[in-house]
Every structure is written in C-alpha cells, then in structure tokens.
1. Under 1.5 on a/c is rounded, so check that first for segment 386-481, then, if it is not, pick prolate when a/b is larger than b/c and oblate when it is not; a ≥ b ≥ c are the square roots of the alpha carbon gyration tensor eigenvalues.
2. Within 10 Å of each candidate Cβ there may be at most 15 other Cβ atoms; applying that plus a DSSP loop requirement, which trypsin sites (Lys or Arg not before Pro) in segment 376-461 survive?
3. Measure off 7 Å from each Cα along the Cα-to-Cβ vector at Phe285 and Thr241, then give the distance between these two points in nanometres to one decimal.
4. How many angstrom lie between the C-alpha centres of segment 147-167 and segment 67-86?
5. Let a ≥ b ≥ c be the square roots of the eigenvalues of the Cα gyration tensor of the chain; is it rounded (a/c under 1.5), or, if not, prolate (a/b larger than b/c) or oblate?
6. Is segment 299-453 rounded, prolate or oblate when judged by the Cα gyration tensor, a ≥ b ≥ c being the square roots of its eigenvalues, rounded requiring a/c under 1.5 and prolate requiring a/b larger than b/c?
7. If you take every DSSP beta bridge whose two residues both sit in the chain, what share of them, in percent to the nearest 5, is antiparallel?
8. Just in segment 293-392: which GluC sites (Glu not before Pro) are loop by DSSP and have at most 14 other Cβ atoms within 10 Å?
Amino acid sequence: ALADIGVTGLAVMGANIARNLARHGHTVALHNRSASRVDELMTKHGSEGNFIPSASITEFVASLKRPRRALIMVQAGAATDAVIEQLADAMEPGDIIIDGGNALYTDTQRREKALRERGLHFVGAGISGGEEGALNGPSIMPGGSAESYEYVGPLLESVAAVVEGAPCCTYIGTDGSGHYVKMVHNGIEYADMQLIGEAYQLMTSAAGLSANEAAEVFAEWNSGVLESYLIEITSEVLGHTDAETGKPLVDVIVDAAGQKGTGRWTVKSALDLGVPVTGIAEAVFARAVSGSRELRAASQGLAGAELATSLTEIFPGTDVESFVADIHSALYASKVVAYAQGFDQLAAGSREYGWDLKLGDLARIWRGGCIIRAQFLGRISDAYAANPQLPSLLLDPYFRDAVESAAASWRRVVTVAAQLGVPAPGFSSALAYYDSVRAKRLPAALIQGLRDYFGAHTYERVDKPGHFHTQWSGDRSEISN
Ligand code: NDP
C-alpha cells in the first residue's frame, strides 16, 4: 500500500507530526537525511500506526499516493531549499510539497512561484504549538493555492487541535500567507510574554510578592479574562523550586532572553508596511536589552536617588492586593492593545499581498494548539464576525469597554513603574499607543512644520484642502503646491 502523506525531517517536530498523522489513521511515509532518525522513530513508535520508512528521497517519493503529499519539517532556510529541490526532482506535476517549518514568508512566496512554474503545488504551513502541539494537535496555518488545500486541508485538519468541535486549521490564503500569519502569531506571542514578564516583575519588585505568591496570583488569573496557556505555564514556572539551591527556579535563571527571529521578522514587516506594532517591537527590543550583557554591566551605577521607595509613597493608602488588581488591569489592557496591533498588521499584510485574510478565522484557529491559545481569542473572532471591517479591535464594543474599565488602573501601574524605576516598556508603550490613537491632536503637526522648514516637504492644513509650503527662508508667506 502507498502512503497518504510523507514526512521528511524527523527531528522533534517532524517525528511528532508523523506520529500524530499515523495515530489519526493515515499511512505515513518517513524520511530523514540521517537514517538513524527514521530507525529511532520506527523502533520507539512504529507500533502507533502505519508507517512506511524509506532510506532515500526517491524511495520516499515512490511510496506516496498520487497526487503525492510530502511535508517538510527541517531547519528553516537553506536546508528547506535543499530538501525542496530533491523532492521536486523526484515528483511529478500535480504533486504537493508542504513546508511546515518556520520559513520566512518571502522565502515561501519565492518557493511557491518557482514550484508553480514546474507544475508542483507548494503549501507554506505555519505550525504552532511546539513539540507537544505537534504530537497532540497543533494550530496549523496553511497557505497556498485553493486547489492544493483540497488535497492537504482534510489531512491537516484531522491532526490539528480541536476547539468546540472545530479544527484549529483553516485555509489561510495564497503563497506566503500561512507563514506570514504564523510569523505575526509569534510576534504577538513575544508581546504577550513581555507583558506577563512585566506583570511578574511589578508583583515582585513593586508589590513585594515572592515568586511563589506570584505563581498563585497567576493561577488565580487563569480562571478569568486572562485565561490562557501562557498564564497557566507562568504560574507553573514561577511556582517551581530549583532542586539544587532550593530557590525559586526563576531566580537562578539568567535574565537574558533568547530569540530565534520570528519576532524580529514581524517587526521588520510592520516597519515596511508602516503599521505601528509597538507592543511586538518593545518585546523584541526588551529581549535585546536583556541580552546586552556588557551594556547592562556597565550601566549598573546609573543614578536612582530620585526614586520612590514604596508603593504607598506614590499612592498613599494603596495595599498590595489592590495594586495586584491594578497590574491585572494593566496586563489585560496592554494585551488588548498588542493584539489589536498584531491584527492591524495582518490586515495590512493581507492588503499588501492580496491574501484576503479572514481575521476572525485566524483568531478562531489560535484558540487551541498554539502558544497564545486563550479564551480571549474567541472574543476577537466574535468582534470580526460582528464587523469584518473593524478598523481596530480597540473599537469593538467588548474590547473598548474592557480597556476603558482598565484604564485608571493601567495609568496607576505605569506611574508606579516609572516612580520606582521598574522598567515596563510593554505596559507604558501600550498606554502611549492608546493615548495616541485617541488623541484629538498629536505633535505630528509640529513635525510637519519642521519637515517643511528644513526640507520643503509641505503640509496639509486643517481648514482647507491641498498641500502648502511656507517660504521659511524668504518672507515666510505661504504658497500652495
Ligand atoms: P530542527 O529545526 O532542529 O531541524 C532538524 C531537522 O532538519 C533534522 O531532521 C535534520 O536532519 C534536518 N536538516 C537540517 N539540515 C538539513 C539539510 N541540509 N538537508 C536535509 N535535512 C536537514 O528541527 P525541529 O523539529 O525543531 O523543527 C523543524 C521545523 O519546525 C523548523 O523549521 C522549525 O523552525 C519549525 N518549528 C519548530 C518548533 C519547535 O518548537 N521546535 C515549533 C514550530 C515550528 P538530520 O537529522 O539529518 O540532521
């Protein structure tokens, strides 16, 4: 018998997806550059379903039903190109190559075009959920031709996470759209984690909670509007004691955050599209600051004599409990801003590349399987269902009300952070964004004046249409361009 689908690249993600496919009754062909991974999977998990191991790419391709479906799960970048080339050489027109790695969407666009010219389908599928998701049900974001989705959609949907009876996998759009959406998902994940980090730091540094107490607060928050996988595991990590020292593990982990690149890609694309994703950008930069060891070491002596020393010095009468409630509000409001910005970027990417992304569907398939899975996403889905043209999530009645009710607490938290000298770039820049979009006037008027002064870049006027220039170096009369 031939295989329904093949998986090449059997490191942790590929092996788990292959097992997930087999457990759902699909016959799965297996291949890996080094044969040892195929053998290992067969030895340890061969009994979980129907697998067809192969020793070479040609053997692998020959073991697939037509049209052939091959899922690549190798390192993103040059390795993916190498494997695509080998597969394409062995395949025939109509066959489908799926890249489930974390590819940069522009690479996916290039690959899709090149393979289309050779008569092959190329599906760039963002897969989120880490190794556990890959095995038990990830969120899958496949982009490619609508025709290719007919062949791969049902297979992918069968292994995706399920929420309220629906799979966390849907057709995203053409070419690089799936990987783009996965990239922005990861960017939002960066923002979400940064905000959680700030909440934790304020709980401990400003409110004086221990890591264990903070763990309990997060556990409690996980039953309210913040209910999410990230809040749940925050509680787990904060509550974990290091076996060697007996201290909270979080206190013995070096405070330098790593990054693999998807956050940076998100911000680069946002810069190109001119979309203000300040939450994601602050998160990427905050990781960069944390990793700047020399700068941080050299800056240890920078002054701080002006700082307040306690919460009550800033807001007399504030107790720990009410301040922790304020942090909850600040976290929630900042999170709404970060998601609103992320969805704005998705809308802008959709317009730029002609993808016709269904924003509500994206929120829906992120409710399960992926790292940012949360109840909250159901609200986003509802918001776009009620108004597909919503200009910003902040304008949806539910989120508008949520942010307005949180605003006073949010401002208190940002004030406390500033006065105590606890960095809260996510909370404060989200608040600045909120105040910017709702401001009647912005200092951009002055910036336009300055640009006109030194570069004759012209400005528009509030009282009549057209473009104007003041002759700054002459008699300062205004001319209309
Ligand atoms: P890795 O990213 O560590 O990649 C290892 C796999 O790539 C191995 O199978 C390896 O083969 C293969 N490989 C590397 N170079 C080549 C090459 N030149 N030719 C052929 N094969 C090559 O594996 P992961 O399982 O962590 O991730 C797989 C993909 O999934 C990546 O694109 C990753 O970004 C993405 N991803 C990972 C997540 C995670 O949580 N880890 C989450 C979501 C997506 P060999 O055994 O021979 O060395």
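1. It is oblate, given that a/c is not under 1.5 and a/b is not larger than b/c.
2. Lys440, Arg441, Arg461
3. With each label placed 7 Å out from Cα toward Cβ, I get 4.1 nm.
4. Centre-to-centre distance over Cα atoms comes out at 21 Å.
5. oblate
6. In terms of gyration-tensor shape, oblate.
7. Expressed as a percentage, antiparallel bridges in the chain total about 40.
8. Loop-located and lightly packed - Glu306.
Bear in mind that the values in this text are calculations on the coordinates, not laboratory data. Only a predicted model underlies this, so the values are computations on that prediction, with no experimental measurement involved. Heads up, the Cβs are rebuilt from the backbone with ideal geometry, glycines too, and the neighbour counts pull from every protein chain shown.
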